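The values are calculated or read from the model by the stated rules, or taken from the named source; none is laboratory data. Just so it is clear, the structure is predicted and the values come from calculations on it, not from any experiment. Cβ atoms come from the backbone with ideal geometry, glycine included; neighbour counts cover every protein chain shown. Keep in mind that these areas ignore ligands, DNA and RNA; they rest on the heavy atoms of the full protein, side chains included. Shrake-Rupley method; radii C 1.70, N 1.55, O 1.52, S 1.80 Å.
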Amino acid sequence: MSEQKSSNQMWGGRFASGPDAIMEEINASIGFDQKLYGQDIRGSIAHANMLVKSGIIASEDHVKIVDGLKAVLAEIESGKFTFSRKLEDIHMNVEARLAELIGASAGRLHTARSRNDQVALDFRLWVKEELEKTASALKNLIEAFLERAEEHAATVMPGFTHLQTAQPVTFGHHCMAYVEMFGRDLTRVRDAIERMNESPLGAAALAGTGFPIDRHMTAEALGFREPTRNSIDSVSDRDYALEFLSVAAICATHLSRLAEEIVIWSTPQFNFVRLSDAFSTGSSIMPQKKNPDAAELVRAKTGRITGSLVGLLTVMKGLPLAYSKDMQEDKEAVFDAAETLELSIAAMSGMVRDITINTASMKKAAGSGYSTATDLADWLVRELGMPFREAHHVTGRAVAAAEAKKVDLSKLSLAELQEIHSGITDAVFDFLTVDKSVKSRQSFGGTAPQEVRRQIRYWKKRIVKA
């Protein structure tokens, strides 16, 4: 057996040519980090502008570099650029093509920087831009909910705990619960942008540089608040990417809860909502079926996003300062999560605007399960001065009586209620219907239609500034 054949057997399969093939396969990132081409070229132009202003490179080299970078950008955007795996990453691909276009001047561009601060800059710019997209998408979703909440501020439905009928609420109030959730997601996005709004460019490999660079100039040119303040930290952390994934995972969890409700509500057993054909599919065998596939997929995609977060947390765990090649594993997870979240929010915004609300089914269900029992207990406390625990006991007896007769609480006669407690008067019936129940919940943030409308007005003003 020849030595070459033995080597081929040892490496095997795709890597029959030996360890060089394996190293190229594991080391190259151009297959995914080419997505950063715009940020890479933008950062390089800002760096070149700073170098010439600081007297580090000559003006003729600067002109060639900037013109060459713009030409490379045009080639990539037109689809004429050929990415090479042998050049490993987007930085070397751009630099190599720049050298082909302008010659030796291209070599001056990398003065006073490293691929370490270059990739940190590119990725930070990309994540920052993606967070801005997420903020815009969330605003659209919130606006969709505000539209439905305003439309259904007084539409009665059952409120649930443990997925059991608890108390009557309005559908508008339920919608506003999601406004609050996604509103917090939006503030998390804004907070994340503010925290990461520092430029790592100029940190070089890890120790800064001896060249007289102006990091404040490049930070301002690239839209950052200021430069980072520690060169080691600048190239060795990816907490901004982790924070993006954390925000994305929390938001996806909120989307998943909403998706689950849409799935449940669209069943014949609930019949609260109906999705149009735009967000549903049929069955291959059962012609009567209309499946809420869009909602189910949003619910499932939460797993991908949460998995990306856990994956990157694991990559970063235990890494010594400063840069390690492990960090090359940061981008694919973030890219996938960003794409998944963007699609999920868009799909949910569409579904919220698309669903038809079955108000009759909601109202009928709102009165089931003796949902106004708490209203009876509250009335006993408020009108008769009864301790709540005693009122709870009296109400329980009333519910038992209604169950025995198979009627709602409001259908018990005054005499039957007075058999349970003699102090009850006919005034109690003003609080035992679902409509009167929701109207009575006028506390700040409550389900009363007038309070729901107040919160809608608040959010309409707030979302404009968000």
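Restricted to segment 397-417, and to residues that are surrounded by 15 or more Cβ atoms within 10 Å (Cβ to Cβ) and within 47 Å of the chain's Cα centre (by Cα), which residue is modelled with the highest pLDDT?
A398
Here is the figure for segment 426-443: residues that are over 21 Å from A398 (Cα atoms) and of a type in the set (S, T, N, Q) total 2.
Condition test on T281, is it open to solvent by 30 Å² or more (accessible area, probe 1.4 Å) and at pLDDT 95 or above?
Numbers: open to solvent by 30 Å² or more (accessible area, probe 1.4 Å): yes; at pLDDT 95 or above: no.
Considered against the rule, which asks whether it is open to solvent by 30 Å² or more (accessible area, probe 1.4 Å) and at pLDDT 95 or above, T281 comes out as no.
Residue pairs whose Cβ atoms lie under 9 Å apart, sitting 6 or more positions apart in sequence or on different chains, and linking a residue in segment 139-150 that is buried (at least 21 other Cβ atoms within 10 Å of the Cβ) to a partner that is not in a helix (DSSP H, G or I), are I142/A466; R148/I355; R148/I357; A149/T170.
Which of the residues spanning segment 242-260 are open to solvent by less than 40 Å² (accessible area, probe 1.4 Å) and either among the polar types (S, T, N, Q) or more than 19 Å from D191 (Cα to Cα) (or both)?
Going residue by residue through segment 242-260, those that are open to solvent by less than 40 Å² (accessible area, probe 1.4 Å) are 242, 244-245, 247-249, 251-252, 254-256, 258-259.
Selection gives L255, S256, L258, A259.
Residues in segment 104-116 that are open to solvent by 30 Å² or more (accessible area, probe 1.4 Å), part of a helix (DSSP H, G or I) and under 15 Å from I65 (Cα atoms): A104, G107, R108.
The residues of segment 29-55 that are surrounded by 19 or more Cβ atoms within 10 Å (Cβ to Cβ) and either touching a Cys at 6+ places or on another chain (Cβ under 7 Å) or not in a helix (DSSP H, G or I) (or both) amount to a single one, S29.
Quick one: would you say V63 is among the β-branched types (V, I, T), surrounded by fewer than 19 Cβ atoms within 10 Å (Cβ to Cβ), modelled with pLDDT of 95 or more and assigned to a helix (DSSP H, G or I)? Show your work before the answer.
Details: among the β-branched types (V, I, T): yes; surrounded by fewer than 19 Cβ atoms within 10 Å (Cβ to Cβ): yes; modelled with pLDDT of 95 or more: yes; assigned to a helix (DSSP H, G or I): yes.
Yes.
Looking at (1) under 27 Å from R257 (Cα atoms); (2) at pLDDT below 85; (3) among the aromatic types (F, W, Y), which is the one condition that is false for F431? Single failed check for F431: (1).
In segment 353-378, what residues are open to solvent by less than 60 Å² (accessible area, probe 1.4 Å), under 18 Å from V434 (Cα atoms) and not aliphatic (A, V, I, L, M)? Result: N358, S361, G367, S368, G369, Y370, S371, T372, T374, D375, D378.
If you filter segment 85-124 down to residues that are under 30 Å from A192 (Cβ atoms) and of a type in the set (V, I, T), you find that the one that is nearest to the chain's Cα centre (by Cα) is V119.
Taken over segment 418-466, the criterion of being open to solvent by 80 Å² or more (accessible area, probe 1.4 Å) and more than 27 Å from F145 (Cα to Cα) is satisfied by E419, S422, D426, D430. The residue that is surrounded by the fewest Cβ atoms within 10 Å (Cβ to Cβ), among those in segment 220-241 that are under 28 Å from L309 (Cβ atoms) and hydrophobic (A, V, I, L, M, F, W, C), is I232.
Number of residues in segment 17-68 that are small (G, A, S) and within 28 Å of the chain's Cα centre (by Cα): the value is 4.
On the given criteria, is A427 without any contact (Cβ under 8 Å) to a residue 40 or more places away in the chain and not aromatic (F, W, Y)? Walk me through it before giving the result.
Numbers: without any contact (Cβ under 8 Å) to a residue 40 or more places away in the chain: no; not aromatic (F, W, Y): yes.
Spelling it out, it is not the case that A427 is without any contact (Cβ under 8 Å) to a residue 40 or more places away in the chain and not aromatic (F, W, Y).
Screening segment 163-274 for helices (runs of 4 or more DSSP H) wholly inside it with 1 or more residues that are in contact with a Gly (Cβ under 6 Å, 6 or more places away or on another chain) and at pLDDT 95 or above returns the ranges 215-221, 231-236. Summed over segment 312-339, the residues that are part of a helix (DSSP H, G or I), at pLDDT 90 or above and open to solvent by 80 Å² or more (accessible area, probe 1.4 Å) give a count of 4. Taken over segment 379-395, residues that are open to solvent by 40 Å² or more (accessible area, probe 1.4 Å) and either touching a residue at least 60 places away in the same chain (Cβ under 8 Å) or in a helix (DSSP H, G or I) (or both) amount to 9. Looking for something touching a Leu at 6+ places or on another chain (Cβ under 7 Å) and within 27 Å of A400 (Cβ to Cβ) - is there at least one such residue anywhere in segment 432-451? Within segment 432-451, one or more residues are touching a Leu at 6+ places or on another chain (Cβ under 7 Å) and within 27 Å of A400 (Cβ to Cβ). Return yes when L309 is more than 30 Å from V273 (Cβ to Cβ), surrounded by 15 or more Cβ atoms within 10 Å (Cβ to Cβ) and not basic (K, R) and no when it is not. Judged against the criteria, L309 is a match.
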